[in-house]
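Got a structure for you, written out below as structure tokens; questions coming shortly.
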Amino acid sequence: MSEQVEINKDLKKYLQELGYRKDTLVDELVSETKTLGNVARMQIAKEQGQFLEIIVKISNAKSCLEIGRFTGLSTLYMARGLPKDGQIVTVDTTDEFLPIAKKYWDKDDQSSKIKSIIGAGTEVMQSFIDRQYQFDIIFIDADKNNYPNYYELALSLVPSNGIIIIDNMLWHGDVADSSKSDSQTQTIRDLNLKIRDDKRVDFSLNPLSDGLLLIRKK
Ligand SMILES: C[S@@+](CC[C@H](N)C(=O)[O-])C[C@H]1O[C@@H](n2cnc3c(N)ncnc32)[C@H](O)[C@@H]1O
């Protein structure tokens, strides 16, 4: 059986160079986000963005929901994957970084597909459930302690064959470090275990950047 290759420093660099097709607009957004300082760590990796775009394309999705927008890189990639009449709703508790996101969505001519909501992820998701909305794909990349709630809410918001993608499921490797027992690490560990054993879904845990968990509702 083939084994998971160890992602050492050299391989990480290789993945960043060969796993990403150069894109000037994306590079500009990443550079501008870096000027914000420490918070820039929240941005998804460019390789993950490409992955999101492909999943949106191959699933022929027309509607997406994102929890956790920040400066809008993941939103941009998912919007690119959508057809002209597709829509992505993106939710974040703060509008602090929205002007940066909007600048790049506009530059890439994606803004007509993007609806931004300022609010708490769980409340917005519950309000969509109450109004019987459904989404083809839901991407979760917000506060980790709410991940179990987002997962259950997302299961109510996608149809059979719908897709849920969750970022940070390897949590900087801490999930496998027994010396780490903080609540965020434990929440992610518990959720990985729950989803592995959850007969309602198919799943694939991918070690792309900080770990992307791809889930299909049966
Ligand atoms: C990891 S960042 C998202 C990164 C983004 N996907 C990207 O590609 O740049 C997490 C975001 O979740 C937002 N957030 C935190 N708690 C939230 C909540 N309860 N509901 C919605 N968004 C929340 C934060 O404000 C932050 O912008």
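Quick check: anything in the range 19-27 of a type in the set (Val, Ile, Thr) and within 19 Å of LEU208 (Cβ to Cβ)?
So far as the range 19-27 goes, yes, one or more of its residues are of a type in the set (Val, Ile, Thr) and within 19 Å of LEU208 (Cβ to Cβ).
Continuing with this model, one more query. Is there any pair linking a residue in the range 162-176 that is touching a residue at least 60 places away in the same chain (Cβ under 8 Å) to one that is of a type in the set (Ser, Thr, Tyr), with Cβ under 7 Å and at least six apart or on different chains, and which?
Listed by first residue and then by second, the contacts come to ILE163/SER59.
For (1) surrounded by fewer than 24 Cβ atoms within 10 Å (Cβ to Cβ); (2) farther than 26 Å from THR24 by Cα; (3) not basic (Lys, Arg), each residue gets a yes or a no:
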residue: GLU66; (1), (2), (3): no, no, yes
residue: ARG69; (1), (2), (3): no, no, no
residue: GLY72; (1), (2), (3): no, no, yes
residue: MET78; (1), (2), (3): no, no, yes
residue: LYS84; (1), (2), (3): yes, no, no
residue: PHE97; (1), (2), (3): yes, no, yes
residue: GLN110; (1), (2), (3): yes, no, yes
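Looking only at the range 113-139, which residues are touching a helix residue (DSSP H, G or I) at 6+ places or on another chain (Cβ under 9 Å) and away from the ligand (no atom under 11 Å from the Cβ)?
Answer for the range 113-139, where residues must be touching a helix residue (DSSP H, G or I) at 6+ places or on another chain (Cβ under 9 Å) and away from the ligand (no atom under 11 Å from the Cβ): LYS113, ILE114, SER116, GLN126, PHE128, ILE129, TYR133, GLN134, PHE135, ASP136, ILE137, ILE138.
Six or more apart or on different chains, Cβ under 8 Å: which pairs go from a residue in the range 7-29 that's within 16 Å of LEU170 (Cβ to Cβ) to one that's loosely packed, with under 10 Cβ neighbours inside 10 Å? Could you list them?
The qualifying pairs are LEU11/VAL5.
I'd like the full set of residues that are crowded, with 24+ Cβ neighbours inside 10 Å and not aromatic (Phe, Trp, Tyr), limited to the range 128-140.
Of everything in the range 128-140, those that are crowded, with 24+ Cβ neighbours inside 10 Å and not aromatic (Phe, Trp, Tyr) turn out to be ILE137, ILE138, ILE140.
Does the range 171-192 hold any residues that are under 12 Å from LYS144 (Cα atoms) and within 15 Å of the ligand (Cβ to nearest atom), and which are they?
Scanning the range 171-192 gives TRP171, SER183, GLN184, THR187, ILE188.
Identify, please: which residue in the range 162-210 is among the hydroxyl-bearing types (Ser, Thr, Tyr) and surrounded by 12 or more Cβ atoms within 10 Å (Cβ to Cβ) and is, among those, modelled with the lowest pLDDT?
SER209
Taking into account only those residues within the range 141-161 that are more than 13 Å from the ligand (Cβ to nearest atom) and part of a loop (DSSP other than H, G, I, E, B), which is surrounded by the most Cβ atoms within 10 Å (Cβ to Cβ)?
VAL158
Continuing with this model, one more query. Answer with yes or no whether ALA61 is over 24 Å from LEU155 (Cα atoms) and touching a helix residue (DSSP H, G or I) at 6+ places or on another chain (Cβ under 9 Å).
no
Output the qualifying pairs, or none if there are none: Cβ atoms under 6 angstrom, residues six or more apart or on different chains, first residue in the range 64-77 and within 7 Å of the ligand (Cβ to nearest atom), second residue among the charged types (D, E, K, R) and modelled with pLDDT under 95.
Listed by first residue and then by second, the contacts come to nothing, as the list is empty.
Quickly run through the range 26-38 and pick out the residues that are within 19 Å of the chain's Cα centre (by Cα) and of a type in the set (A, V, I, L, M).
VAL26, LEU29, VAL30
Of the numbered conditions (1) part of a strand (DSSP E or B); (2) under 14 Å from the mean Cα position of the chain (by Cα); (3) among the polar types (S, T, N, Q), SER204 satisfies every one except a single condition; which is it?
SER204 satisfies all of (1) part of a strand (DSSP E or B); (2) under 14 Å from the mean Cα position of the chain (by Cα); (3) among the polar types (S, T, N, Q) except (2).
Might you check whether a residue that is in contact with a Lys or Arg (Cβ under 9 Å, 6 or more places away or on another chain), under 21 Å from GLN134 (Cα atoms) and more than 10 Å from the ligand (Cβ to nearest atom) occurs anywhere in the range 94-110?
Scanning the range 94-110, I find no residue that is in contact with a Lys or Arg (Cβ under 9 Å, 6 or more places away or on another chain), under 21 Å from GLN134 (Cα atoms) and more than 10 Å from the ligand (Cβ to nearest atom), so the answer is no.
The values are calculated or read from the model by the stated rules, or taken from the named source; none is laboratory data. Model, not experiment: these values are computed from the prediction. A quick note on method: Cβ atoms are made from the backbone with ideal geometry, for glycine too, and the neighbour counts reach across all protein chains shown.
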